[in-house]
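The values are calculated or read from the model by the stated rules, or taken from the named source; none is laboratory data. Since we're looking at a predicted model, the values are computed, not measured. A quick note on method: Cβ atoms are made from the backbone with ideal geometry, for glycine too, and the neighbour counts reach across all protein chains shown. For accessibility, only protein heavy atoms count, side chains too; no ligands or nucleic acids. Shrake-Rupley method; radii C 1.70, N 1.55, O 1.52, S 1.80 Å.
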Amino acid sequence: PPVHAWTDAHWEWQSKLNFGGAREPNVPELMLFAYVECFLTPCHELIHICQHLHGLTDSDRTSYSAEHDACRLNLPLLWLVLEGMTDDMSGFGAALMLHSINSAIQSKREIEKVPDLWELYRCWADSFGMESPSEKLQELFEEDSEEQRGNKLLQYEEHFKGVVTAESLAAAAFATTAEPTEEHFTGLLRLAFHPRRHGDVYTEANRALTEIRGTPFALGEAVWERLLS
């Protein structure tokens, strides 16, 4: 990130995302977070490039399905990349995963402060991104000014993405294994980029290809027991 060009508004926004606006921006700490994002972000963006190449389109106004898939595949892919670069994942790689989990805990707390918002998140995450929360989020904040509503929608989108990114490390498959495997990631790839999954992801045919309930890729409320165990 071009932190050298950030203004006070940038630092305040980053502080709100990372700390819920509970304290004044701590520039050195936020710069460390920005550095960590240099490692956490590329795999996410790579998935977006693959979505384009695969011919997937998201008709949702904020592309919640596309963001879901990039988040779900991000850390399992990053884990395998780092594992291929080092024999010891107990150092920097583990620190990256822990940072994502810590950020998700903060985001989860922020989501739970708003009535019905956690249920809305769970519906989206547990449907493999097929149940977009966009319209209901608009309704939740309809009494706010346009500027306030826009800021809240962006803020909670970041929180949703942060939580599902961390939850990807604790899908049902992780009840029997402690870390992402190539087999698990391959399965996620087949879900997100099924050979018959093209065009608008929300069609009935495409929805049927991403049903994860009752599979090793399911999340559900139990995901946090696995994530924190």
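Looking at the chain, identify the longest residue range that excludes and avoids all trypsin sites (Lys or Arg not before Pro) in DSSP loops having at most 16 other Cβ atoms within 10 Å.
Values: sites that count: Arg23, Arg61, Lys113, Arg196, Arg213.
The segment 114-195 is the longest one with no such site.
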Revision key, fill the gap. CD proxy, 222 nm, the chain: helix-only mean residue ellipticity via -39,500 (n - 2.57) per DSSP H run with n ≥ 4, per residue, nearest 500, stands at -20000 deg cm²/dmol
Practice item. Heavy atoms only, probe 1.4 Å: what % of the accessible area of the chain goes to carbon and sulfur, would you let me know? Key: 54
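Given charges of +1 on the Cβ of Lys and Arg and -1 on the Cβ of Asp and Glu, with all other atoms neutral, how large is the dipole of the chain about its Cα centre, in debye to the nearest 20?
400
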Revision key, fill the gap. In whole Hz, the Karplus estimates of ³J(HN,Hα) for the range 190-200 (6.51, -1.76, 1.60; θ = phi - 60°; x where Gly or Pro) are 5, 6, 6, 10, 4, x, 9, 8, 9, x, 5
Exercise for review: Please give, to one decimal in nm, the separation of the simple spin-label points placed at Phe92 and Ile49, each 7 Å out from Cα toward the Cβ.
Suggested key: 2.0
Practice item. Place +1 on the Cβ of every Lys and Arg and -1 on the Cβ of every Asp and Glu in the range 107-229, take the dipole about the Cα centre, and give the residue among Gly220, Leu209, Gln155 whose Cα lies farthest towards its positive end. Key: Leu209
Practice item. Step through the residues of the range 49-57 one at a time and calculate ³J(HN,Hα) from phi using the Karplus curve (6.51 cos²θ - 1.76 cosθ + 1.60, θ = phi - 60°), rounding each to whole Hz and writing x for Gly and Pro. Key: 4, 5, 4, 5, 5, 7, x, 8, 10
Practice item. Might you tell me the accessible area per residue for the chain, computed with a 1.4 Å probe and given in Å²? Key: 52
Review point. Near the amide H of Thr57, under 5 Å away, which other amide H atoms are found, from residues 5 or more places off or on another chain, if H is placed in the peptide plane?
Key: Gly199, Asp200, Val201
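Show Leu189, Leu169 ordered by accessible area, largest first, where the area counts protein heavy atoms only and the probe is 1.4 Å.
My answer, sorted largest first, is Leu189, Leu169.
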Check your understanding: What Kirkwood hydrodynamic radius, in Å, does the range 73-229 give when the mean of 1/r is taken over all pairs of distinct Cα atoms and then inverted?
Key -> 16.9
